[in-house]
Amino acid sequence: MAKKGQNLFVIPIVIVFGFFFIYPLIVLLITSLRNEGGLSFHNYTQIIMNPYYFRALMNSLYLALAVTLVALLLAGVLAFFLARNDFPGKALYFTLLTFPISFPGVVVGFMIIILFGATGIMPMLAEILTGKKTMVFAYTITGIFLAYLYFEIPRIVMTLYGAIKDFDQTLEEAARTMGATPWQAIRYVVLPTVFPIFISAGALAFSTSMSAFGTAFTLANQFEILPILMYNEFTLNFNIEVASAIAIVIGMICVLMNMGYRLLLEKEGGR
């Protein structure tokens, strides 16, 4: 009787999951395969064979990978510093550091324009100081790289902070008493322990950077990346089939990244 009652609770979950996830995904997949001659992989091969689409794919991959690596490095240092040190105003500093999470992507994009646009604060300041207007890169891949870093770093810091804060420092102290230097203790004791959290944060940062739209929509005027290309194909060119294929490609890249992260953790756990 109890098992029957549990099944009744599962039914609404299955219905909601099927209607709002499985059904749209099936429709999207069928649309992406649709072609003049019926169903084929033509729209997918176009993404690889067409230089315009392929360049957008490479730009997205390079951008997401670069943002992930730099954000992990910077956020890792910040998370270690905050977890290991107490100082006046720490709570306020942590709040301000994580504040960008509440910003929509468009707001972050406009912030980059205000700072590094043609009439932005930094180029105007550079012109006053040096006589030359430099640091004008709001609408370049450098601008969107900085914008992505701005909202990725707080997410990673929040992910890493708890794990580093809860780390048993007696293990590190034991390594120090056995002759390990501070860096060796971190390298061989702390980092392997928090390694799964780093990988998880990196997978999240990569997936977010790969599929982010609001910031890219504001800044990606001089180069192409997949989310903007998908939007343009759907709204400007009315090419729903190619737009659907691009959406599936973005989703598959993110799924493969997360699968790789899971396999890596299982491999590390099995050692």
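Details
- Leading residue by the ranking (nearest to the chain's Cα centre (by Cα)) among those in segment 180-225 that are without any contact (Cβ under 8 Å) to a residue 40 or more places away in the chain and open to solvent by less than 40 Å² (accessible area, probe 1.4 Å): Val194
- Condition met for Phe80 (farther than 20 Å from Leu219 by Cα, loosely packed, with under 15 Cβ neighbours inside 10 Å and either in contact with a Leu (Cβ under 6 Å, 6 or more places away or on another chain) or modelled with pLDDT under 90 (or both)): no
- Residues (among the hydroxyl-bearing types (Ser, Thr, Tyr), assigned to a helix (DSSP H, G or I) and over 13 Å from Leu265 (Cα atoms)) located in segment 162-205: Thr170, Thr177, Tyr188
- So Ser32, is it closer than 13 Å to Ala243 by Cα and hydroxyl-bearing (Ser, Thr, Tyr): yes
- Qualifying residues in segment 34-54 (those that are more than 21 Å from Ile225 (Cβ to Cβ) and in contact (Cβ under 8 Å) with a residue 12 or more places away in the chain) - the one most open to solvent (accessible area, probe 1.4 Å): Arg34
- Residue tally, condition assigned to a helix (DSSP H, G or I) and surrounded by 14 or more Cβ atoms within 10 Å (Cβ to Cβ), over segment 95-121: 14
- On the stretch given as segment 147-172, residues that are open to solvent by 70 Å² or more (accessible area, probe 1.4 Å) and of a type in the set (Val, Ile, Thr) total 1.
- Of the residues in segment 50-61, at least one is among the aliphatic types (A, V, I, L, M), under 22 Å from the mean Cα position of the chain (by Cα) and under 30 Å from Tyr161 (Cβ atoms).
- Applying the condition of being β-branched (Val, Ile, Thr), more than 24 Å from Ile225 (Cβ to Cβ) and in a helix (DSSP H, G or I) to segment 123-146 and asking which residue is least open to solvent (accessible area, probe 1.4 Å) yields Thr130.
- Restricting Ile250, Ile246, Ile197 to those that are touching a Pro at 6+ places or on another chain (Cβ under 8 Å) and modelled with pLDDT of 80 or more reduces the list to Ile250.
- Subset of segment 70-93 (residues that are free of Cβ contacts under 8 Å to residues at least 24 places away in the same chain and within 17 Å of Pro154 (Cβ to Cβ)): Leu73, Val77, Phe81, Lys90, Ala91, Leu92, Tyr93
- Taken over segment 57-77, the criterion of being open to solvent by less than 40 Å² (accessible area, probe 1.4 Å) and at pLDDT below 90 is satisfied by Gly76 alone.
The values are calculated or read from the model by the stated rules, or taken from the named source; none is laboratory data. All of these numbers come straight from a predicted model, not from anything done at the bench. Using ideal geometry, Cβ is built from the backbone for each residue, glycine included, and neighbour counts are taken over all protein chains shown. Just the protein is used for accessible areas: all its heavy atoms, side chains included, with ligands, DNA and RNA removed. Shrake-Rupley method; radii C 1.70, N 1.55, O 1.52, S 1.80 Å.
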